[in-house]
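Below is one structure, written out as structure tokens, with a few remarks after it.
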Amino acid sequence: MKHLLFCYFYTDKICLGMRDINKRKVQVRYITGINKCLPGYPTPLDVLYDSCVESADNNLFSEAKLENKYGLDEEGINNIINELVNLEYIKKNNTRYKIIKTPWD
């Protein structure tokens, strides 16, 4: 956590997973982690941010990850995937989804 805070205060970019995120665009709820305590968690942006932070394989995630990590049912998974696809943040890559941009780029 010290490293993340150091990056936050002294650079414009934070390297999360395989992506560089512009710290000036990241909402405080993600930096502090309070997004996980808010009603409606996980939102599509919560999933996108978590995937950027946790992904070591070129920012790919699967429907199984959403089910396992967040306990989402098929409808919840489809809602999140559809919103992220409609916002053009992700695209399907075989059986997984690749993050192609974020609101924090």
Filter result (out of contact with any Asp or Glu (no Cβ under 8 Å at 6 or more places or on another chain) and of a type in the set (Lys, Arg)) within the stretch 27-79: Arg29, Lys65
Matching residues, the stretch 76-88, being within 13 Å of Ala64 (Cα to Cα) and surrounded by fewer than 16 Cβ atoms within 10 Å (Cβ to Cβ): Gly76, Asn78
In the stretch 19-48, the residues that are closer than 22 Å to Asp73 by Cα, part of a helix (DSSP H, G or I) and over 10 Å from the mean Cα position of the chain (by Cα): Asn35, Lys36, Cys37
Qualifying residue in the stretch 49-57 (condition: free of Cβ contacts under 8 Å to residues at least 60 places away in the same chain, among the aliphatic types (A, V, I, L, M), within 26 Å of Arg24 (Cβ to Cβ) and assigned to a helix (DSSP H, G or I)): yes
Search result, residues across the stretch 89-105 that are polar (S, T, N, Q) and either exposed (fewer than 13 other Cβ atoms within 10 Å of the Cβ) or outside any loop (DSSP other than H, G, I, E, B) (or both): Asn93, Asn94, Thr95
The stretch 41-63 - residue that is at pLDDT 90 or above and closer than 14 Å to Lys101 by Cβ and, of those, surrounded by the fewest Cβ atoms within 10 Å (Cβ to Cβ): Pro44
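The values are calculated or read from the model by the stated rules, or taken from the named source; none is laboratory data. Treat the numbers as computed from the prediction; the structure is a model and nothing was measured. Glycine also receives a Cβ, built like all others from the backbone with ideal geometry; neighbour counts cover every protein chain displayed.
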